[in-house]
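Worksheet: the structure to be examined is printed underneath.
The values are calculated or read from the model by the stated rules, or taken from the named source; none is laboratory data. Remember, it's a predicted structure, so these values are computed and weren't measured experimentally. All Cβ positions, even for glycine, are placed from backbone atoms using ideal geometry, and neighbour counts span all protein chains on display.
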Amino acid sequence: MKARNMEELIQKKYDELNENDLEIWKYIISNKETCKQVSIQQLAVFCHVSHTTILRFAKKLGFSGYSEMRSFLKWEEKAEILYEEKDMERNANNFVSMIRRMEDMDMRDICQMIDEAKNIYVNGTGDVQKEAARTLKGKFIHQRIFVNTVEGGAEFSLVNEMLSPNDLIIFISYSGNNPLQLQKAREAKERGCKIVLIAMEGKGEFWSLADAVIEFHPEEIHTVGYDYTYFPTLHFFIIIEFLSLKYMEYVTKKKGR
């Protein structure tokens, strides 16, 4: 549930509010500047209710507590407010679901590509994706597999001259629509390379070019105080952790044959 100011939030939740809640709201709307500064105990005195009643009121509106409600009040006149109820719960559930999905995912084809590749390259776009690429490199070097990180276009141009059908390139992308990555994937495919794409759920040319795709579904987060939406990036590191574990499992089973 989204709201750009307190009045809109009250309107959307009005049917859930009782007499005490409406009295609290009546005081807040008449004394906004005061309410931006006072403690929950002070507001309770002003409204002639208990502090637990104030807390319940805040939670009915979708805030995690009184402090978050007060922050919302402070920012609503300074910026476009976009508040998303239960961001914490939604994202926690999403991370748990992602972990379970990675646990159950069959990655044998990807592990086989890693095992059989003469050279492995990994490329990430953006700061987080590049950090994820370095993390992947660190995970596999402990398994005596060297992964070459390719940072940008100039490095890609040099690498492109050396690519062969025995090589594997892992692309780490949020949307899977980065033009530079897509062009490099086309070039790699022309040279017969295997391609693994790590990206959010989607479809397009990159998905067609890739020999395997590991997808994730992020839950957006709306900031309080600024009209800005962003997505968590933990999914990249969950995937890399499980890819490393799945490869260990693959090698262990292969040796046991």
Qualifying positions in the stretch 184-237 - at pLDDT below 90, over 27 Å from Ser97 (Cα atoms) and not small (Gly, Ala, Ser): Tyr226, Asp227
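Mind counting the residues in the stretch 33-49 that are of a type outside the set (A, V, I, L, M, F, W, C) and surrounded by 14 or more Cβ atoms within 10 Å (Cβ to Cβ)? Before you say what the answer is, go through the steps one by one.
Narrowing the stretch 33-49 to residues of a type outside the set (A, V, I, L, M, F, W, C): 33-34, 36-37, 39, 41-42, 48.
Right, trim to surrounded by 14 or more Cβ atoms within 10 Å (Cβ to Cβ) and you get 36, 42.
Total meeting the criteria: 2.
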Qualifying residue in the stretch 12-22 (condition: closer than 30 Å to Arg90 by Cα, surrounded by fewer than 18 Cβ atoms within 10 Å (Cβ to Cβ), of a type in the set (A, V, I, L, M) and free of Cβ contacts under 8 Å to residues at least 60 places away in the same chain): yes
